[in-house]
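Worksheet: one structure, shown below.
The values are calculated or read from the model by the stated rules, or taken from the named source; none is laboratory data. Just so it is clear, the model here is predicted, and its values are computed rather than measured. Counting neighbours? That spans all protein chains shown, and the Cβs are built from the backbone with ideal geometry, glycine included.
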Amino acid sequence: MDKRSPSVTTFTLNGQSVDIAPAPGERLSASLRERLGARDVKVGCNAGDCGACTVLVDGAPVCACLMPAQQAQGRQVETLSGLANDPATRRLKESFQDHGAAQCGICTPGMLVTATALLRETERPGIATVQDALGGVLCRCTGYRKILEAVVAAGQGGQAPLATEGTVGAAIRRLDGQGKVDGTERFGDDVGPAGALELHILRSPHHRAGFAFGDLTALLSIAGIEALLTADDVPGENSFGVIPGFEDQPVFAESEARFRGEAVAAVIGTPEAIASLKDADIPVVWQERAPALGLPNAEVEAEFQLHPDRTGNIMCRGRVSSGDAEAALAGAHVTVSGTFTTSFVEHAYIEPEAGFAEIVDGRVHVHACTQAPVMDREALARILGRPEADIRIVPTGVGGGFGSKLDISIQPYLALAALKTGKPVRHRYSRTDSMRSTTKRHPGRLDMTIGADADGHIRGFRFHGDFDTGAYASWGPTVANRVPVHASGPYRVADYIATTAAIHTNAPPSGAFRGFGVPQTAVAQESLFDELADALGIDALEFRLKNALANGTPTVCGQVFEQGVGIMACLEALKPAWEEALYRTRAFNKAARAANGPLRHGVGIASGWYGCGNTSLPNPSTIKAGFLADCTLRLHQGAADIGQGANTVIAQIFAEALGLPLCQISLVTGNTDITPDAGKTSASRQTFVSGNAARLTGEALRADILRRSNAAVTATITLDGTTLRVTDGATVRTLDLAALSPDAEGFVLRAEETYDPPTKPLDADGQGIPYAQFGYTAQLAEVEVDLALGTTRATRFVAAHDVGRAINPMLVEGQVHGGIAQGLGMALMEEYIPGRTENLHDYLIPTIGDVPPIETIIVEDPDAHGPYGAKGLGEHVLIPTAPAILNAIARATGVRIRSLPVTPSALHAALREAEP
Ligand code: FES
């Protein structure tokens with residue numbers, strides 16, 4: 001008879017018997033991570049929606065967050081780390097690396113565990129079987145197709161392995177892939193030390209409310225509660241923001257909360273005390289006030305003003321003008337107009353914001369998932385009232401960012417709590433806190449009119465976009481300024497006026513999300529291009545080719561690129577697929593109409609462009625590298641790799657420039673004490689800007705070695721153990737690194753180079769040089785619409801992207817797939833509504849069943865400024881997706897939708913309205 005306490009739960013974890021005493025109702029995921037150290041089990045939602053925490057229980061995949069730990073009694077539990085010797089898992093891990101199926105890697109343990117169960121049961125599953133099996137595990141990075149291919153290939157015994165070595169142009173495995181498939185990569189919530197205190201953040205339950213605290217100190221009498229934080233505890237400025245002059249968001253609201261989810265106080269205590277603390281335990285009285293929600297149609301009344309110095313809630317405006325748009329439109333043969341609206345879109349990365357802070361030798365160390373470690377340090381210095389030298393940011397693995405992790409989130413709370421208690425403090429946002437308190441894609445209301453002459457050339461273009469920037473500035477100024485530069489699309493438009501306004505509302509701040517407003521604007525421009533083409537009786541692709549930018553033609557900012565304008569090549573690349581799909585879908589619809597069937601097929605195209613880096617602002621990156629005396633070759637690259645592949649791409653570029661293989665590089669990634677500032681991971685700048693810094697650093701180090709060896713530029717450098725050799729024709733010289741004096745960092749040879757793209761400020765009409773390079777794209781989407789139900793299913797994408805030079809084609813494909821999946825979500829299902837869609841079962845993102853096959857066509861029209869010709873890509877990939885889908889829906893149904901997302905109910909209503 002078992003004489004142990006009934007509160008003890010005994011089960012087998014990865015082959016070992018374990019005893020735990022879980023609290024009543026404790027989730028198995030929490031027991032595994034916090035009691036048993038199984039940090040390979042990731043937690044994304046705690047609600048069974050994302051599947052990141054999937055483990056095997058008696059061989060069956062189970063969301064560990066939904067299973068009470070006591071139910072594990074007597075059962076066999078396997079996590080990814082326990083499957084290390086499972087033959088199916090081993091094949092899957094290799095296959096994931098060979099297909100680029102793990103980008104950020106936060107979903108990867110759940111995917112691999114679930115796929116292992118499938119392969120144990122079904123030896124050679126096909127695509128549909130894999131889709132069924134993995135349907136409960138969400139991935140926000142990959143677009144799923146590479147995961148599908150990887151699992152199918154693993155079932156067939158794998159494929160020829162991808163190379164692990166190669167320089168520019170080589171499709172090689174990610175350098176940081178092993179930790180992702182082993183589940184050992186440490187994300188924000190994986191690094192907190194045992195015994196760390198935790199936080200409970202009190203947030204406004206109202207869109208807008210005044211508030212008053214009762215006796216907060218009474219909380220300190222609760223066992224385990226150690227300290228409290230409010231605005232009064234912020235020693236520096238109680239404000240932050242990402243754009244100088246727009247630091248308007250308080251760490252803690254002071255008298256009025258301006259959005260639902262805004263922080264007003266935090267309580268610090270032991271994990272047990274914090275786990276049992278509820279919002280209702282904190283004495284606060286709310287005075288709910290009428291909020292400003294949604295973009296106003298008229299002047300904002302004074303009572304709805306959010307910030308006293310921003311009249312009409314206008315945070316800022318943007319403008320680009322060239323020629324005479326009104327006169328051109330008046331003289332146009334045909335004009336089309338429309339008002340388009342888009343929704344708040346949530347980033348929905350699978351990793352909620354997480355990290356910990358500690359005090360080390362009087363300095364504050366913050367370990368957190370971030371896209372911008374140096375910006376985090378600057379923001380914390382302001383908030384803490386301390387010099388930047390007192391603060392160290394140690395980025396953890398980032399389980400997806402897509403722009404939102406450019407802004408600080410948990411960092412100030414962790415730092416303030418660690419300073420107040422002197423102890424390590426850890427925190428992970430709940431899924432709801434992540435969704436209600438962090439930035440979103442700006443909803444837009446876009447008014448556009450475009451004219452054309454009878455032969456199909458654009459004559460006049462007028463645009464105004466209002467963007468809901470939420471309660472605080474975040475990246476709103478960037479959106480307002482970037483959009484007018486891009487609203488023309490990659491086309492010749494001589495007579496152009498584009499204006500924008502970023503308008504405050506009582507919603508979460510809108511910020512950076514892949515494209516900074518350009519995807520919203522492309523919806524209007526690319527839809528109206530189809531309407532213009534239809535009105536003129538010109539094929540939609542031909543119309544775009546007629547008007548596409550070319551080398552030597554000015555953009556709407558008057559910028560002229562003499563090389564590297566690849567939009568025509570992208571459009572041309574779609575031509576065969578376009579013509580075939582037009583023919584096929586027309587034939588299908590003819591038959592469907594004849595049979596009175598409910599299904600219709602459609603094909604649409606759309607294009608996009610995106611200027612890489614900051615708009616007309618300094619945008620430098622610095623990379624450092626060198627040899628230690630023992631010939632260790634270190635590359636310090638501080639560009640945050642959020643899954644897109646910066647670690648691999650920048651190392652490939654550096655290796656190419658230096659002339660040594662990747663395997664001899666020891667990579668040192670972001671840490672503000674030891675890596676120079678490579679800028680933020682945003683605006684598709686890392687391959688371009690940090691890549692150039694890596695190229696320059698590699699070239700400088702190589703030049704130094706050749707100079708010391710008195711060798712020609714064509715000489716070959718080799719590193720053989722501890723011997724650095726230079727072979728110059730028949731002459732071989734050895735460089736004795738041990739004989740050189742090390743510097744303070746231990747380098748005996750070093751180089752550190754900075755690259756800043758050449759741009760020029762824009763004048764009052766937006767004329768100038770906003771970006772040193774643009775990347776270009778055109779995509780084709782096919783859809784199937786059910787006229788009876790209003791449902792739309794994407795069935796195929798063809799995506800042509802001009803990347804200048806594909807540094808790593810596998811990573812290029814990964815970006816394209818992931819961007820298309822996000823564009824599909826934006827088009828058909830995603831809408832963040834404060835207070836209503838604050839979790840992953842009410843807020844829908846594409847699942848593995850939603851993303852159809854994607855054919856990627858890589859166009860390489862080299863850019864003079866890009867490293868080896870390379871252009872940025874991360875933002876470009878979703879710009880054409882939503883308008884291509886809208887154009888396909890229009891071609892399938894004859895109905896034009898001007899509001900996103902096109903949910904079944906919205907399409908159903910539009911179809912009914914259009915009925916004769
Ligand atoms: Fe799947 Fe990032 S790789 S969520």
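So, in the stretch 320-351, of the ones that are within 14 Å of residue 845 (Cα to Cα) and among the β-branched types (Val, Ile, Thr), which residue ends up surrounded by the most Cβ atoms within 10 Å (Cβ to Cβ)?
350
For residue 795, which of the numbered conditions (1) under 18 Å from residue 489 (Cα atoms); (2) touching a strand residue (DSSP E or B) at 6+ places or on another chain (Cβ under 6 Å) fails to hold?
Unmet condition: (1).
Pick out the one residue from 79, 129, 114 that is within 16 Å of the ligand (Cβ to nearest atom) and surrounded by 16 or more Cβ atoms within 10 Å (Cβ to Cβ).
114
Looking only at strands (runs of 3 or more DSSP E) that lie completely in the stretch 601-671, which have at least 1 residues being surrounded by 21 or more Cβ atoms within 10 Å (Cβ to Cβ) and within 16 Å of the ligand (Cβ to nearest atom)?
On the way: elements: 621-628, 633-636, 665-668.
The strands (runs of 3 or more DSSP E) meeting that bar number zero.
Being part of a loop (DSSP other than H, G, I, E, B) and aliphatic (A, V, I, L, M) narrows it down to one residue among 138, 112, 92; which is it?
Result: 138 is the single residue among 138, 112, 92 that is part of a loop (DSSP other than H, G, I, E, B) and aliphatic (A, V, I, L, M).
What number of residues within the stretch 399-409 are away from the ligand (no atom under 16 Å from the Cβ) and in contact (Cβ under 8 Å) with a residue 60 or more places away in the chain?
Residues meeting the conditions: 3.
Mind checking which residues of the stretch 15-52 are of a type in the set (D, E, K, R), in a loop (DSSP other than H, G, I, E, B) and crowded, with 20+ Cβ neighbours inside 10 Å?
Residues satisfying the conditions are 39, 40, 42, 49.
Could you check the stretch 283-296 and list, in sequence order, the residues that are more than 30 Å from residue 464 (Cα to Cα) and either in contact with a His (Cβ under 8 Å, 6 or more places away or on another chain) or not hydrophobic (A, V, I, L, M, F, W, C) (or both)?
Those that are more than 30 Å from residue 464 (Cα to Cα) and either in contact with a His (Cβ under 8 Å, 6 or more places away or on another chain) or not hydrophobic (A, V, I, L, M, F, W, C) (or both): 283, 286, 287, 288, 289.
Output the residue which, of all residues in the stretch 412-433 that are among the polar types (S, T, N, Q) and in contact with an Asp or Glu (Cβ under 6 Å, 6 or more places away or on another chain), is surrounded by the fewest Cβ atoms within 10 Å (Cβ to Cβ).
Of everything passing the filter in the stretch 412-433, 421 is surrounded by the fewest Cβ atoms within 10 Å (Cβ to Cβ).
When you go through (1) touching a strand residue (DSSP E or B) at 6+ places or on another chain (Cβ under 9 Å); (2) closer than 13 Å to residue 490 by Cβ one by one for residue 631, which number turns out not to apply?
Every condition holds for residue 631 apart from (2).
Every residue, every condition in (1) crowded, with 24+ Cβ neighbours inside 10 Å; (2) in contact with a Pro (Cβ under 6 Å, 6 or more places away or on another chain); (3) aliphatic (A, V, I, L, M), yes or no:
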{"position": "820", "(1), (2), (3)": "yes, no, yes"}
{"position": "823", "(1), (2), (3)": "yes, no, no"}
{"position": "826", "(1), (2), (3)": "yes, no, yes"}
{"position": "832", "(1), (2), (3)": "no, no, no"}
{"position": "839", "(1), (2), (3)": "no, no, no"}
{"position": "843", "(1), (2), (3)": "no, no, no"}
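Mind counting the residues in the stretch 180-216 that are basic (Lys, Arg) and either surrounded by fewer than 17 Cβ atoms within 10 Å (Cβ to Cβ) or within 16 Å of the ligand (Cβ to nearest atom) (or both)?
The total comes to 2.
Quick check: is even one residue across the stretch 333-355 in a strand (DSSP E or B), out of contact with any Phe, Trp or Tyr (no Cβ under 8 Å at 6 or more places or on another chain), touching a residue at least 40 places away in the same chain (Cβ under 8 Å) and within 30 Å of residue 395 (Cα to Cα)?
yes
Name the residues in the stretch 446-467 that are out of contact with any helix residue (DSSP H, G or I) (no Cβ under 9 Å at 6 or more places or on another chain) and either crowded, with 22+ Cβ neighbours inside 10 Å or β-branched (Val, Ile, Thr) (or both), would you?
466
Restricting to the stretch 523-549, give me the number of residues that are over 13 Å from residue 891 (Cα atoms) and either among the acidic types (Asp, Glu) or touching a residue at least 40 places away in the same chain (Cβ under 8 Å) (or both).
Total meeting the criteria: 18.
Six or more apart or on different chains, Cβ under 6 Å: which pairs go from a residue in the stretch 868-894 that's at negative phi and modelled with pLDDT of 95 or more to one that's basic (Lys, Arg) and surrounded by fewer than 24 Cβ atoms within 10 Å (Cβ to Cβ)? Could you list them?
As it stands, the answer is 870/805; 890/896; 892/600; 893/600, since those pairs meet every condition given.
Working carefully through the options 105, 126, 157, 169, find the one that is touching a residue at least 12 places away in the same chain (Cβ under 8 Å) and within 22 Å of the chain's Cα centre (by Cα).
That would be 105, the only listed residue that is touching a residue at least 12 places away in the same chain (Cβ under 8 Å) and within 22 Å of the chain's Cα centre (by Cα).
Within the stretch 722-734, count every residue that is in contact (Cβ under 8 Å) with a residue 60 or more places away in the chain and buried (at least 16 other Cβ atoms within 10 Å of the Cβ).
So the count comes out to 1.
When residue 658 is evaluated against the numbered criteria (1) at pLDDT 95 or above; (2) under 22 Å from residue 612 (Cα atoms), which criterion, by number, is the only one it fails?
It fails just one condition, (2).
From (1) under 25 Å from residue 807 (Cβ atoms); (2) surrounded by fewer than 22 Cβ atoms within 10 Å (Cβ to Cβ), pick out the condition that doesn't hold for residue 173.
With respect to (1) under 25 Å from residue 807 (Cβ atoms); (2) surrounded by fewer than 22 Cβ atoms within 10 Å (Cβ to Cβ), residue 173 is out only on (2).
Kindly list the number of the only condition in (1) within 16 Å of residue 81 (Cβ to Cβ); (2) surrounded by fewer than 16 Cβ atoms within 10 Å (Cβ to Cβ) that fails for residue 59.
It fails just one condition, (1).
Going by the conditions given, is residue 270 among the β-branched types (Val, Ile, Thr) and either under 24 Å from residue 385 (Cα atoms) or under 34 Å from the mean Cα position of the chain (by Cα) (or both)?
yes
Which residue is modelled with the lowest pLDDT, if the candidates are limited to the stretch 672-721 and must be surrounded by fewer than 22 Cβ atoms within 10 Å (Cβ to Cβ) and small (Gly, Ala, Ser)?
Going through the qualifying residues, I end up with 721.
Are any residues in the stretch 857-888 out of contact with any Ser or Thr (no Cβ under 6 Å at 6 or more places or on another chain) and in a helix (DSSP H, G or I), and if so, which ones?
The answer is 867, 868, 869, 877, 878, 881, 882, 884, 885, 887, 888.
Quick one: in the stretch 288-319, of everything that is within 16 Å of residue 500 (Cα to Cα) and of a type in the set (D, E, K, R), which residue is surrounded by the fewest Cβ atoms within 10 Å (Cβ to Cβ)?
Among those that are within 16 Å of residue 500 (Cα to Cα) and of a type in the set (D, E, K, R), it is 299.
Looking at the stretch 82-96, which of its residues are buried (at least 22 other Cβ atoms within 10 Å of the Cβ) and either within 16 Å of the ligand (Cβ to nearest atom) or within 16 Å of residue 134 (Cα to Cα) (or both)?
89, 92, 93, 95, 96, listed by residue number.
Consider the stretch 764-817. How many of its residues are charged (D, E, K, R) and either buried (at least 24 other Cβ atoms within 10 Å of the Cβ) or part of a helix (DSSP H, G or I) (or both)?
So the count comes out to 3.
For the stretch 134-174, what are the residues that are within 16 Å of the ligand (Cβ to nearest atom) and either of a type in the set (A, V, I, L, M) or in contact with a His (Cβ under 7 Å, 6 or more places away or on another chain) (or both)?
The answer is 134, 137, 138, 142, 143, 145, 146, 147, 148, 149, 150, 151.
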